[in-house]
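Encoded as structure tokens, the structure appears first; notes follow it.
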Amino acid sequence: MSNGPRLSKPRPQFEAAESAIHSAVVARLGDDGLNYHDIQHRVKGHSSLNTKLSRLLPDGAPKYPGGMQDIDDIIGLRVILFLESDISSAIGALAGAFDQLGHVDKASEQRSRGEFGYSGQHLVLAVPARRPPPGCDAFAGQRFEVQLRTILQHAWAEFEHDIRYKNGGEVPPEVNRAFTLASGLIELADREFDTINEVVTAQKALDERESVQAVTEPSLELTAAAVRAILEHELPQNPRSRAEQYEWLVDVLRANGVDTVPLAYALFKTADWAFAARRIEYRFPPGHVRAADDVLLHRFGAEYVDRTHFMDDDGTRRAKLEYRLRRLGA
């Protein structure tokens, strides 16, 4: 029996912190226009936490002598993305909102050993005491872990975990070999998905340049597809946003009197994208909708805040817009 520290009962404050941190992560990735498949989140269970706290070093000393203060993943999140190239953008977004305490690149570890296997990225983050994300003020210093995977890596890891740890018993050698082969194929598939995305993005930019230039009818109704086409033309190097975010942007434009394709095209064609990027100081190219939100804020100023501050899910948009407006010097 271990003499290590134990957790006598669940800690409700972790549940509250986990909820606030999850909301902040969703908001940050949404603000930056990152396209993800899912964000999972949990507080480590009582039994699992006690098992971890009970672990010993080879000399018999507790592995975690400081108890829960030594454990980074009591609160855990998993961000599942479609493209491997999006993982670095998500890391940059989260590191911009929280204090980064650690980063383990499982993919690089595998490659350095000449092996195939689990290829996720793990971050250890903490809620900053200075400028914590909205809703996280009461949890300054709280550490948590974020795992980032592509959807293919996630499928492999979940199935592998089920086979190895839930079925019990020894795993046959042919199963180990099959997992290794599957991991290599997944790495190749993720690379090909990135290549496909690059080719399609470049081709769509060429196609949309022609279609946008053909827009002449002043009564052409503004739609999400039209807005996306305009932004893909104006910002070919920026990542696409989630589909529902273009619908949201249509509502934002209409709230500011922009309700036809020609009006939207003229507005974005004359927008000073470079100025907004310099003043906001993006850590990486923002998604279409986030970039558009900033140039619209620059164009309409305080009136834009008044017209759109309520168009969010968590009630934090006004504060964010006012902060960004100051950055834009308006």
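Considering only residues that are acidic (Asp, Glu) and part of a helix (DSSP H, G or I), which ones fall in segment 130-181? Full working, then the answer.
Here is the first cut: in segment 130-181, the ones acidic (Asp, Glu) are 137, 145, 158, 160, 162, 170, 174.
Asp137, Glu158, Glu160, Asp162, Glu174 - these are the residues of segment 130-181 that are acidic (Asp, Glu) and part of a helix (DSSP H, G or I).
Out of all the residues in segment 228-248, is one or more closer than 23 Å to Gly92 by Cα, outside any loop (DSSP other than H, G, I, E, B), modelled with pLDDT of 90 or more and open to solvent by 70 Å² or more (accessible area, probe 1.4 Å)? Walk me through how you get there before you give the answer.
Going through segment 228-248, the residues closer than 23 Å to Gly92 by Cα turn out to be 231-232, 235-246.
Checking the rest, the ones that are also outside any loop (DSSP other than H, G, I, E, B) come to 231-232, 243-246.
If we keep only those that are modelled with pLDDT of 90 or more too, we end up with 231, 244-246.
From what's left, open to solvent by 70 Å² or more (accessible area, probe 1.4 Å): 244.
Looking for residues that are closer than 23 Å to Gly92 by Cα, outside any loop (DSSP other than H, G, I, E, B), modelled with pLDDT of 90 or more and open to solvent by 70 Å² or more (accessible area, probe 1.4 Å), one finds at least one in segment 228-248, hence yes.
Specify the residue that is least open to solvent (accessible area, probe 1.4 Å); the eligible residues are those in segment 303-330 that are charged (D, E, K, R) and farther than 24 Å from Ala274 by Cα.
At the first step, the residues of segment 303-330 found to be charged (D, E, K, R) are 303, 306-307, 312-314, 317-318, 320, 322, 324, 326-327.
After this cut, where a residue has to be farther than 24 Å from Ala274 by Cα as well, the list is 306-307, 312-314.
Values: Asp306: 92, Arg307: 81, Asp312: 49, Asp313: 164, Asp314: 79 Å².
Per the stated criteria, the residue is Asp312.
What number of residues within segment 75-106 satisfy the criterion of being farther than 30 Å from Glu198 by Cβ, buried (at least 17 other Cβ atoms within 10 Å of the Cβ) and out of contact with any helix residue (DSSP H, G or I) (no Cβ under 6 Å at 6 or more places or on another chain)?
So in segment 75-106, the residues farther than 30 Å from Glu198 by Cβ come out as 75-76, 99, 101-102.
So of that shortlist, the ones also buried (at least 17 other Cβ atoms within 10 Å of the Cβ) come out as 75-76.
Then keep just the ones that are out of contact with any helix residue (DSSP H, G or I) (no Cβ under 6 Å at 6 or more places or on another chain); that gives 76.
Number satisfying all stated conditions: 1.
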### Query
Hey, any hits in segment 137-158 for a residue that's open to solvent by 50 Å² or more (accessible area, probe 1.4 Å) and modelled with pLDDT under 90?
yes
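State whether the residues of segment 23-45 include one that is out of contact with any strand residue (DSSP E or B) (no Cβ under 8 Å at 6 or more places or on another chain), more than 30 Å from Leu297 (Cβ to Cβ) and at pLDDT 80 or above.
First, the residues of segment 23-45 that are out of contact with any strand residue (DSSP E or B) (no Cβ under 8 Å at 6 or more places or on another chain): 23-24, 27-28, 30-33, 45.
Among the residues that remain, those that are also more than 30 Å from Leu297 (Cβ to Cβ) are: 45.
Now drop any that are not at pLDDT 80 or above, which leaves 45.
So far as segment 23-45 goes, yes, one or more of its residues are out of contact with any strand residue (DSSP E or B) (no Cβ under 8 Å at 6 or more places or on another chain), more than 30 Å from Leu297 (Cβ to Cβ) and at pLDDT 80 or above.
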#### Entry: Flag if Gly92 is in contact with a Lys or Arg (Cβ under 9 Å, 6 or more places away or on another chain) and at pLDDT 85 or above
yes
### Summary
In segment 22-42, anything crowded, with 18+ Cβ neighbours inside 10 Å and touching a Leu at 6+ places or on another chain (Cβ under 7 Å) is listed as His22, Val25, Arg28, Tyr36, His41
### Query
Which one of the conditions (1) open to solvent by less than 60 Å² (accessible area, probe 1.4 Å); (2) modelled with pLDDT under 80; (3) among the charged types (D, E, K, R) does Glu18 fail to meet, given that it meets all the rest?
(2)
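How do the helices (runs of 4 or more DSSP H) wholly within segment 43-129 filter down when requiring 3 or more residues that are in contact with a Leu (Cβ under 9 Å, 6 or more places away or on another chain) and among the acidic types (Asp, Glu): which remain?
Working: elements: 46-53, 85-97, 106-112.
In segment 43-129, there are no helices (runs of 4 or more DSSP H) which contain 3 or more residues that are in contact with a Leu (Cβ under 9 Å, 6 or more places away or on another chain) and among the acidic types (Asp, Glu).
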### Query
Going by the structure shown, is Asp72 closer than 23 Å to Phe139 by Cα, open to solvent by 30 Å² or more (accessible area, probe 1.4 Å) and acidic (Asp, Glu)?
yes
#### Entry: Of all residues making up segment 249-270, the number that are crowded, with 17+ Cβ neighbours inside 10 Å and either basic (Lys, Arg) or in contact with a strand residue (DSSP E or B) (Cβ under 8 Å, 6 or more places away or on another chain) (or both)
2
### Summary
The residue that is farthest from the chain's Cα centre (by Cα), considering only those in segment 280-302 that are open to solvent by 40 Å² or more (accessible area, probe 1.4 Å) and basic (Lys, Arg), is Arg299
### Query
In segment 261-311, what count of residues is obtained for those that are out of contact with any Pro (no Cβ under 6 Å at 6 or more places or on another chain) and either within 15 Å of Trp248 (Cβ to Cβ) or outside any helix (DSSP H, G or I) (or both)?
26
### Task
With respect to Asp162, determine if the residue is at pLDDT 85 or above and of a type in the set (D, E, K, R).
no
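Identify, from the list Ala224, Ala214, the residue that is closer than 28 Å to Val250 by Cβ, at pLDDT 90 or above and either surrounded by fewer than 17 Cβ atoms within 10 Å (Cβ to Cβ) or of a type in the set (Lys, Arg) (or both).
Working: Ala214 fails: at pLDDT 90 or above.
None of the other options fit; the residue is Ala224.
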#### Entry: Subset of segment 117-134 (residues that are among the aliphatic types (A, V, I, L, M) and without any contact (Cβ under 8 Å) to a residue 40 or more places away in the chain)
Leu123, Leu125, Ala126, Ala129
## Note on the structure
Met68 fails exactly one of (1) more than 23 Å from Ile21 (Cβ to Cβ); (2) at pLDDT below 85, namely (1)
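The values are calculated or read from the model by the stated rules, or taken from the named source; none is laboratory data. Given the structure is predicted, the values throughout are model-derived calculations rather than measurements. Every residue, glycine among them, receives a Cβ derived from its backbone with ideal geometry; neighbour counts consider all protein chains shown. Side chains are part of the model used for accessible areas, which takes the heavy atoms of the whole protein and leaves out ligands, DNA and RNA. Shrake-Rupley method; radii C 1.70, N 1.55, O 1.52, S 1.80 Å.
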